[in-house]
Ligand code: SF4
Ligand code: SF4
């Protein structure tokens with residue numbers, strides 16, 4: 001019998017716990033963040049064409065925009081690649097600096113990566129980007145441990161090359177050894 005449904009359930013629990021942590025600990029801090037991720041420095045924002053067109057208020061067809069971009073005459077903060085666009089080095093046009101908030105919050109046009117940052121479920125683990133000042137690693141571990149219950153153990157490991165990227169792994173606790 002496959003254990004896939006159990007995995008699926010744990011994945012879903014972790015995704016829900018990550019989203020709840022963001023709602024509780026991260027999003028309330030965003031308006032007073034000292035280094036907003038929406039300034040896109042050092043973060044890179046991955047965008048689809050419809051997002052580029054909307055955020056940068058582009059009227060021309062995509063092919064014309066791509067030609068302009070390739071010729072170095074497009075927005076300097078955008079690079080194209082793999083059918084997508086990557087913005088970096090200037091604040092996102094949807095960022096409201098005065099309020100420290102996103103003008104497209106809760107709207108379908110908001111890029112998926114924005115909702116995932118800085119804590120998200122990925123392949124049965126939780127990934128946290130500690131470049132967000134609102135993330136507390138120990139608090140997050142406690143949060144995940146509470147969400148999955150006492151039958152599981154939560155451990156963390158930092159990426160070798162990007163130590164601010166931490167993966168929280170959830171494993172079943174071993175039952176205590178009995179004598180006899
Ligand atoms: S870095 Fe974190 S706290 Fe700051 S704006 Fe981004 S998500 Fe919010
Ligand atoms: S779309 Fe909104 S959340 Fe995403 S980078 Fe721009 S302002 Fe920030």
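No lab work stands behind these numbers, since they all come straight from the coordinates. Every value quoted in this text rests on a predicted model; they were computed, and no experiment measured them. Heads up, the Cβs are rebuilt from the backbone with ideal geometry, glycines too, and the neighbour counts pull from every protein chain shown.
Miscellaneous remarks
- Pairwise FRET efficiency - residue 66 versus residue 105, Cβ, R0 = 41 Å, nearest 0.05: 0.90
- Note on segment 36-142: Kirkwood radius taken over Cα pairs, Stokes-Einstein applied at 4 °C and 1.567 mPa s, translational D equal to 85 µm² s⁻¹.
- Per residue, the chain reaches -8500 deg cm²/dmol at 222 nm when only DSSP H runs of four or more residues are counted, each adding -39500 (n - 2.57).
- Translational diffusion of segment 1-64 was estimated from the Stokes-Einstein equation, with Rh taken as the Kirkwood radius over Cα pairs; at 20 °C and 1.002 mPa s the coefficient is 136 µm²/s.
- Ranked by how many other beta carbons lie within 10 Å on average, peptides 66-75, 154-163 from highest: 66-75, 154-163
- Against the chain, whose longest principal axis comes from its Cα atoms, helix 137-148 is set at around 60 degrees.
- Nearest 10 degrees, 0 to 90: helix 4-21 Cα axis against the chain principal axis: 60 degrees
- Rh (Kirkwood; distinct C-alpha pairs) - the chain, Å: 18.5 Å
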